[in-house]
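Trainee: Quick one: the structure is below, and I'll ask about it shortly.
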Amino acid sequence: MKVAKEMRCNSETPVVEKFIKFLRNFGIALKARVMSAQRTPQLAINFAQNAENNGFEVSIAPTDKSTHLSGVLAAVALPLVIGHPKNPLPLLVSFPLYLLQKHLNY
């Protein structure tokens, strides 16, 4: 499985690096990138339109006080967009459950 992780700015990199290490334990490839629905809308749209062709099955986008980026990604093309708060620790619990569900084809 190949997962995309969107960041609003480079300052999120230390937290995302921990998340990348966590997902690697499950054999999941994760590619992180900085994009914004407001500052770089065309980048977000282009990414979403080409995500499936580039092998991405899931996108994980920040959704703290607004859901602009995750909304753009979901509206354009991605099959599954998971929003997460600034602190992604709850996601570390829920994502493996999603993988188990996908694996068991429920």
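Trainee: Please pick out the residue among 44, 75 that is touching a helix residue (DSSP H, G or I) at 6+ places or on another chain (Cβ under 6 Å) and of a type outside the set (Lys, Arg). Walk me through how you get there before you give the answer.
Mentor: Working: 75 fails: touching a helix residue (DSSP H, G or I) at 6+ places or on another chain (Cβ under 6 Å).
Result: 44 is the single residue among 44, 75 that is touching a helix residue (DSSP H, G or I) at 6+ places or on another chain (Cβ under 6 Å) and of a type outside the set (Lys, Arg).
Trainee: Answer yes or no: is there a residue in region 71-94 that is of a type in the set (Lys, Arg), modelled with pLDDT of 60 or more, farther than 13 Å from residue 19 by Cβ and outside any helix (DSSP H, G or I).
Mentor: No, region 71-94 has no match at all.
Trainee: Give the residue that is farthest from residue 8 (Cα to Cα), with candidates limited to residues of region 19-57 that are of a type in the set (Val, Ile, Thr) and in a loop (DSSP other than H, G, I, E, B). Walk me through it before giving the result.
Mentor: Initially, region 19-57 is screened for residues of a type in the set (Val, Ile, Thr), giving 20, 28, 34, 40, 45.
Checking the rest, the ones that are also in a loop (DSSP other than H, G, I, E, B) come to 28, 40.
Details: 28: 22, 40: 10 Å.
Per the criteria, the residue is 28.
Trainee: I would also like to ask the following. Sort out which residues of region 1-18 are among the β-branched types (Val, Ile, Thr) and assigned to a helix (DSSP H, G or I), and write them in order of number.
Mentor: 13, 15, 16
The values are calculated or read from the model by the stated rules, or taken from the named source; none is laboratory data. Source: prediction; values computed, not measured. Heads up, the Cβs are rebuilt from the backbone with ideal geometry, glycines too, and the neighbour counts pull from every protein chain shown.
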